[in-house]
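Notes for the one structure printed next.
The values are calculated or read from the model by the stated rules, or taken from the named source; none is laboratory data. Just so we're clear, the structure is a prediction, and the values are computed from it rather than from any experiment. Note: ideal-geometry Cβ built from the backbone for every residue, glycine included; neighbour counts use all protein chains shown.
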Amino acid sequence: MSLPFVLHIDIDAFFAAVEVKLNPALKGKPVIVGGLPGERGVVCTASYEARKYGVHSGMALQTAAKRCPRGIFLRGRYHIYSRVSGRFFACLKRFSPRVENYSIDEAYIDLSGTKYLSSSVYRLGHEIKCAVEREIGLKVSAGLGFSKLGAKLATEAAKPGNFFVLYNEREFITNISIEKIPGIGPHTLLILRGLGINTVKQLETAYPSIWRRTIGPHFYSGSGFPVRKEPKTKSYSRETTFPEDISDRELISSHLAYLVSRLSVHLGENKLFAGRIEVKVRFSDFSTYSRRLPLDYPTYSYSSLWQTALHLLNVLLKKKKRALRLVGAKVEDITNRRDLLPFVSVKGEKLSAGVRDIKKRFGFSSIVTARELLLKDIYPVEREGIVLKTASLTK
Ligand SMILES: [Mg+2]
């Protein structure tokens, strides 16, 4: 299992930034969205210029008006903000299927297992930040950590407009002031301060039992994303003994192609992906050999599985100048994780899914590769497939 990586992204001064974008004359001015100065209600968003006057979200409009009399107060256009928000989340979902909408302008993205998308997870985080900014035309802050908490704290440190990576998350969190921890409100803060506690580390060491029962479990305990159940079965295999020993390479490979196609369909039906494939042969003298290779990425695509299987078969057939009595294929490192989408493998998998649908509707043998066609002359063909001499086996 690789380390979890979580990216947190937050749009800077979201509502105010949208207003400035729609009306560039507001640029550089203290913009306060939430209502007009005389109205009841609170500030939703204050631009960074307004924050210099001590205005922040949640503050009563009347207080804000006193602190920043020259502020530009706007009621807000929420239908526009929600449209921008939709584009924000759609952009994030292109990078990972696991995106948690935390609020209208804030999200956690699980980047664990996205190692195929970029040369490093740090670079990927930065790419995502830039892609979002291009797409919505607003500045965002981003933080990368090993947990949601770490990522969020990293973003806080990155504001406004930067990208911050938490290399030593545990040390960073333990030394942080307790009021920075999300979820610790003014009331709890007062109690903790009364006990002389100012940092996470102090709480952990001074009151370990309180720590364990309350906020402790949220710390250092993985990404914070729900853990997906990995499939119980770690491999599937299909093999067959021939009615008579075979020396013809084409015929041997057509048997293997059929077995691989059955594996591909089985994986696809169960939404599983194989990380490795093994080919096994038994020669007429009963000597048995197998070779395995990792696939470029976890997949159920027939063409990916077959390319590697054929290569392995050719390697194995060089072992002896003898006829073969058995051939088999096994897929291993089975996973149900789809972290790689949509950047790789889609083409081969779409084709495999289409073929699978046809097989399901019209019978397994209704559509076969040219290679498998040879088998139709040797074995009986039924709706469920070609009837080989020994039934396929599954481990
Ligand atoms: Mg924000």
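Looking only at segment 114-144, which residues are within 22 Å of Pro4 (Cα to Cα), within 16 Å of the ligand (Cβ to nearest atom) and not in a helix (DSSP H, G or I)? Result: Ser141, Ala142, Gly143. Has segment 24-41 got any residue that is within 16 Å of the ligand (Cβ to nearest atom) and either under 30 Å from Arg123 (Cβ atoms) or surrounded by fewer than 21 Cβ atoms within 10 Å (Cβ to Cβ) (or both)? No: segment 24-41 contains no residue that is within 16 Å of the ligand (Cβ to nearest atom) and either under 30 Å from Arg123 (Cβ atoms) or surrounded by fewer than 21 Cβ atoms within 10 Å (Cβ to Cβ) (or both). For beta carbons closer than 6 Å, sequence separation of 6+ or different chains, a first residue in segment 275-287 that is in contact (Cβ under 8 Å) with a residue 24 or more places away in the chain and a second that is β-branched (Val, Ile, Thr), the qualifying pairs are Ile277/Thr308; Ile277/Val331; Val281/Val327; Arg282/Thr288.
For residues that are assigned to a strand (DSSP E or B) and of a type in the set (A, V, I, L, M), scanning just segment 304-338, find the one that is farthest from Ala257 (Cα to Cα). Let's see the steps before the verdict.
Step one: filter segment 304-338 for residues assigned to a strand (DSSP E or B), giving 324-332, 335.
Remaining after also requiring of a type in the set (A, V, I, L, M): 324, 326-327, 329, 331.
Values: Leu324: 16, Leu326: 14, Val327: 10, Ala329: 9, Val331: 13 Å.
Checked segment 304-338; the qualifying residue farthest from Ala257 (Cα to Cα) is Leu324.
You will find that of Tyr48, Tyr53, the residue that is of a type outside the set (Gly, Ala, Ser), surrounded by fewer than 24 Cβ atoms within 10 Å (Cβ to Cβ) and within 26 Å of Lys148 (Cα to Cα) is Tyr48 and no other. Hey, any hits in segment 183-197 for a residue that's modelled with pLDDT of 85 or more, within 27 Å of His126 (Cβ to Cβ), in contact with a helix residue (DSSP H, G or I) (Cβ under 9 Å, 6 or more places away or on another chain) and in a helix (DSSP H, G or I)? Checked segment 183-197: no residue is modelled with pLDDT of 85 or more, within 27 Å of His126 (Cβ to Cβ), in contact with a helix residue (DSSP H, G or I) (Cβ under 9 Å, 6 or more places away or on another chain) and in a helix (DSSP H, G or I).
Applying the criterion of being modelled with pLDDT under 80 and among the charged types (D, E, K, R) to the residues of segment 203-233, the residue that is farthest from Leu190 (Cα to Cα) is Lys232.
The lone criterion from (1) in contact with a strand residue (DSSP E or B) (Cβ under 6 Å, 6 or more places away or on another chain); (2) within 14 Å of the ligand (Cβ to nearest atom); (3) at pLDDT 95 or above left unmet by Val18 is number (1).
Of the residues in segment 1-15, how many are away from the ligand (no atom under 16 Å from the Cβ) and in contact with a Lys or Arg (Cβ under 6 Å, 6 or more places away or on another chain)?
Initially, segment 1-15 is screened for residues away from the ligand (no atom under 16 Å from the Cβ), giving 1-6.
Remaining after also requiring in contact with a Lys or Arg (Cβ under 6 Å, 6 or more places away or on another chain): 6.
Residues that pass the stated criteria total 1.
When you check Tyr302 against the structure, is it modelled with pLDDT of 90 or more and of a type in the set (Ser, Thr, Tyr), yes or no? Judged against the criteria, Tyr302 is a match.
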